[in-house]
1. Quick check: is even one residue across region 13-32 over 30 Å from residue 285 (Cα atoms), surrounded by fewer than 16 Cβ atoms within 10 Å (Cβ to Cβ) and touching a residue at least 24 places away in the same chain (Cβ under 8 Å)?
2. Quick one: residue 294 ticks every box in (1) farther than 21 Å from residue 60 by Cβ; (2) surrounded by fewer than 18 Cβ atoms within 10 Å (Cβ to Cβ); (3) within 16 Å of the ligand (Cβ to nearest atom) except a single one, so which number is it?
3. For region 300-321, which residues satisfy the criterion of being in a loop (DSSP other than H, G, I, E, B) and either near the ligand (Cβ under 6 Å from one of its atoms) or among the β-branched types (Val, Ile, Thr) (or both)?
4. Quick one: in region 297-306, which of the residues that are surrounded by fewer than 18 Cβ atoms within 10 Å (Cβ to Cβ) and of a type in the set (A, V, I, L, M) is farthest from the chain's Cα centre (by Cα)?
5. Check region 183-200 and report whether any residue there is among the small types (Gly, Ala, Ser) and in contact with a Ser or Thr (Cβ under 9 Å, 6 or more places away or on another chain).
6. Of everything in region 322-334 that's of a type in the set (Lys, Arg) and within 16 Å of the ligand (Cβ to nearest atom), which residue is surrounded by the most Cβ atoms within 10 Å (Cβ to Cβ)?
7. Looking at region 233-246, is at least one residue free of Cβ contacts under 8 Å to residues at least 12 places away in the same chain, in a helix (DSSP H, G or I) and either among the acidic types (Asp, Glu) or within 16 Å of the ligand (Cβ to nearest atom) (or both)?
8. Across region 340-357, which residue is modelled with the lowest pLDDT among those that are surrounded by 15 or more Cβ atoms within 10 Å (Cβ to Cβ) and in a helix (DSSP H, G or I)?
Amino acid sequence: MKKEEKYTTIHYQNYLELDKLLSIQNNRSAALGENAHDETLFIIMHQVYELWFKQIMTELDSVCALFREERVDEDNMNTVLLRLKRISTIIDLMIEQIKVMETMTPLDFLDFRDYLFPASGFQSMQFRMIESTLGLREGDRMTYHGKSYKIAFTEPQQARLEDIENNGSLFELVERWLERTPFLQLEGFDFLSEYRQSVHHMIERERKNIQESEYLTDRMKEIRLKMLGDSNSYFKHVLSREEHERLIAEGQNRLSYDATIAALLINLYRDKPILNIPFNLLTELTNIDELLTTWRYRHAQMVMRMIGNKIGTGGSSGHDYLAATAEKHKIFKDLHNISSLLISRSELPQLPEDVAKKLGFYFSTGRA
Ligand code: HEM
């Protein structure tokens with residue numbers, strides 16, 4: 001059917017189904033007791049968040065679908081980047097919106113809090129879908145009185161969450177994409193051995209600076225040399241595949257060895273045109289993780305202000321539980337940790353001319 005044939009006019013009110021949308025802010029306090037003025041705000045705030053969650057899921061699902069394609073070309077990568085940026089911008093706004101919730105005073109909240117019981121953000125299916133699609137695994141979550149977070153949901157919802165967990169999260173898709181990057185197999189350039197040498201030079205230079213310093217006492221030199229020894233062994237650990245795999249088995253690392261090395265290379269040579277988009281993409285993932293953590297802290301702070309140390313309507317310890325999720329529920333920690341492996345531009349191994357030339361263009365198009 002042609003576009004003109006399908007075309008009909010529509011009124012704003014109908015297009016947005018406003019009659020429906022504006023008829024679902026129903027205060028339970030009004031239905032069950034005396035209307036509490038601030039309950040409308042409380043309902044609207046949650047509904048607005050759920051709408052933003054829906055938009056985030058729309059973006060995440062499309063990004064995952066693009067990553068699932070056999071060949072993730074640069075056109076797709078640009079789309080992925082734009083959509084991830086949209087997600088960060090939404091979470092930024094979600095953090096700001098907490099201020100609106102905080103215009104309600106704790107005493108006004110108490111006017112209707114009892115009517116909510118046992119409803120809680122704990123039962124937000126979309127929030128759990130976002131976490132799991134990004135890559136938060138069941139085993140990495142806080143437990144709920146020793147039980148799975150899933151007990152807050154119906155059986156079909158639990159099955160849906162399991163499906164998301166088993167079907168490749170964004171973390172796993174990005175990991176696979178990093179492992180497939182062609183950047184590591186550049187003829188005539190063994191990135192890892194060049195990088196190892198640079199790290200060695202950097203550490204030796206720092207050792208010399210400490211030993212020759214006129215301003216450090218012998219005791220201070222001793223302490224600093226010990227710290228330098230620790231960072232030397234840190235680099236050695238990270239650069240060894242066996243050691244890296246041991247840390248993964250112990251749960252200290254998550255990102256595979258090959259993916260970590262690819263992410264390191266992308267970060268170090270991010271000024272090369274071919275690596276711009278991959279670098280921005282990794283940065284955007286760390287942004288999302290950081291913003292989500294900030295939202296968790298802000299939400300926990302707001303909860304402290306509203307209910308102090310009372311338990312939540314969902315039955316958790318309230319503030320303490322929420323503050324703990326901010327630390328524990330980080331997803332892209334391994335990408336943040338790449339910063340500990342960076343060396344300064346002046347120490348960076350020089351790329352052979354032909355390799356530098358190759359990194360100036362996009363691999364998949366073969367453009368010259
Ligand atoms: C007066 C305002 C609020 C209070 C006092 C409050 C309180 C709490 C508490 C105590 C929990 C822990 C679970 C429990 O035991 O219930 C929780 C979880 C949660 N809340 Fe809120 N909340 C408020 C507003 C909001 C808003 C506006 C949202 C937006 C959707 C929200 C989303 C969530 C989510 C997603 C969780 C689950 C967090 C997790 O388990 O990681 N909350 N809330």
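The values are calculated or read from the model by the stated rules, or taken from the named source; none is laboratory data. Being a predicted model, the structure only gives us computed values, none of them experimental. Cβ coordinates were reconstructed from backbone atoms using ideal geometry, including for glycine residues, and neighbour counts include every protein chain displayed.
1. The initial filter retains those residues of region 13-32 that are over 30 Å from residue 285 (Cα atoms), namely 13-32.
Applying the additional criterion that residues be surrounded by fewer than 16 Cβ atoms within 10 Å (Cβ to Cβ) yields 13-26, 30-32.
Still in the list and also touching a residue at least 24 places away in the same chain (Cβ under 8 Å): 32.
Within region 13-32 (the criterion being over 30 Å from residue 285 (Cα atoms), surrounded by fewer than 16 Cβ atoms within 10 Å (Cβ to Cβ) and touching a residue at least 24 places away in the same chain (Cβ under 8 Å)), the answer is yes, since at least one residue qualifies.
2. Condition (1) is where residue 294 drops out.
3. 311, 312, 313, 314, 315, 316, 318, listed by residue number.
4. Pass one, region 297-306, residues surrounded by fewer than 18 Cβ atoms within 10 Å (Cβ to Cβ): 297, 301-302, 304-305.
If we keep only those that are of a type in the set (A, V, I, L, M) too, we end up with 302, 304.
Details: 302: 22, 304: 25 Å.
Once the filter is applied, the top-ranked residue is 304.
5. So in region 183-200, the residues among the small types (Gly, Ala, Ser) come out as 188, 193, 198.
Filter again for in contact with a Ser or Thr (Cβ under 9 Å, 6 or more places away or on another chain), leaving none.
Taking every residue of region 183-200 in turn, none turns out to be among the small types (Gly, Ala, Ser) and in contact with a Ser or Thr (Cβ under 9 Å, 6 or more places away or on another chain).
6. Keep residues of region 322-334 that are of a type in the set (Lys, Arg), which gives 328, 330, 333.
Subset that is within 16 Å of the ligand (Cβ to nearest atom): 328, 330.
On the way: 328: 12, 330: 18.
Residue satisfying both the conditions and the ranking: 330.
7. Checked region 233-246: at least one residue is free of Cβ contacts under 8 Å to residues at least 12 places away in the same chain, in a helix (DSSP H, G or I) and either among the acidic types (Asp, Glu) or within 16 Å of the ligand (Cβ to nearest atom) (or both).
8. Looking at residues that are surrounded by 15 or more Cβ atoms within 10 Å (Cβ to Cβ) and in a helix (DSSP H, G or I), I get 355.
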